[in-house]
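Below you'll find the structure, written out as C-alpha cells, and then a few comments.
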Amino acid sequence: DVSGSMDSPDFVLRGREATRLDVAKVVIGQFIEGREHDRVGLVVFGEEAFTQVPLTLDHDALLDFLTAVEIGMAGSRATAIGQGIAVASKRLARLEAPSKVVILLTDGRSNAGTLSPMQAAEAARALGIKVYTIGVGSDGSAQAGLFGMFRTRSEEVDERTLKAVAEATDARYFRATDTRSLK
C-alpha cells in the first residue's frame, strides 16, 4: 500500500520515529532476503495497482526497486485493495509452483478500484493462491499537519475485510501495531 496514509509516522525504526511505509520497506526487505530460493515480485497500489517488479529470483534487483517505492506512486488519495490482489494474482496465475502466495500489506480500507477485495480474493482462491493479509498502523489514528497540531484523522484498518480475504483463500490475517509485530 503506497497510499498517503502510509506516510503516517506512528512506527519506530532504529530508535527514531518512522512512517509505516519506511518500516514496511525494511521488514519486506528482510523477508525477501530470507526467501533465497523463491521467486518474489512486488505490486504497489494506491488509487491504482501495478507490478513494480515481476516475479524474479534476482533478489538484489528486487531490493533495489523496493528502496525506490514511494508514497503516491500509484496514487495517494485512495486504496484499491481489490486491484492490488488482482494484479498480484495475475502474476502468479500461470506460475508452476508448489504454492502461490500473496502478502497484502495495508493500513486502510478499500475505497477505489473496480474490484472489491472479496471479488479479488474469490478469483485468487480459484487460481489456488493464498492471500495473507497484514493490517498496519499503531492505534487507528494518525497525526497530520505540522507536528500533528492541526488535525487528527482516523486511519482504521478494515480488519473485517482483511480477515475475510485471508479466510477465503485459506490464509491468515495479521495485525501489526508496531515495528516488532510487523517483523
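Has the range 141-161 got at least one residue that is open to solvent by 90 Å² or more (accessible area, probe 1.4 Å), aliphatic (A, V, I, L, M), over 18 Å from Ile103 (Cα atoms) and modelled with pLDDT under 95? The answer is yes; a qualifying residue exists. Filtering the range 6-60 to residues that are touching a His at 6+ places or on another chain (Cβ under 9 Å), over 18 Å from Leu104 (Cβ atoms) and either open to solvent by less than 40 Å² (accessible area, probe 1.4 Å) or assigned to a helix (DSSP H, G or I) (or both) leaves only Glu33. Quick check on my filter: what residues within the range 113-140 are modelled with pLDDT under 95 and open to solvent by less than 40 Å² (accessible area, probe 1.4 Å)? Once the filter is applied, which keeps residues that are modelled with pLDDT under 95 and open to solvent by less than 40 Å² (accessible area, probe 1.4 Å), the range 113-140 yields Gly137, Ser138, Gly140.
Within the range 166-182, residues that are farther than 11 Å from Thr133 by Cα and among the small types (Gly, Ala, Ser) sit with their Cβ atoms under 9 Å from residues that are open to solvent by 20 Å² or more (accessible area, probe 1.4 Å) and not in a helix (DSSP H, G or I), at 6+ positions apart or across chains, in these pairs: Ser181/Phe174; Ser181/Arg175.
If you go through the range 63-107 and pick out every residue that is aliphatic (A, V, I, L, M), closer than 13 Å to Val44 by Cα and either open to solvent by less than 50 Å² (accessible area, probe 1.4 Å) or in contact with a helix residue (DSSP H, G or I) (Cβ under 7 Å, 6 or more places away or on another chain) (or both), you end up with 14.
The values are calculated or read from the model by the stated rules, or taken from the named source; none is laboratory data. Small disclaimer: the values here were computed from a predicted structure and weren't measured. Please note: Cβ atoms are built from the backbone with ideal geometry, for glycine as well, and neighbour counts cover all protein chains shown. Areas reflect the complete protein model, heavy atoms only, side chains present, ligands, DNA and RNA absent. Shrake-Rupley method; radii C 1.70, N 1.55, O 1.52, S 1.80 Å.
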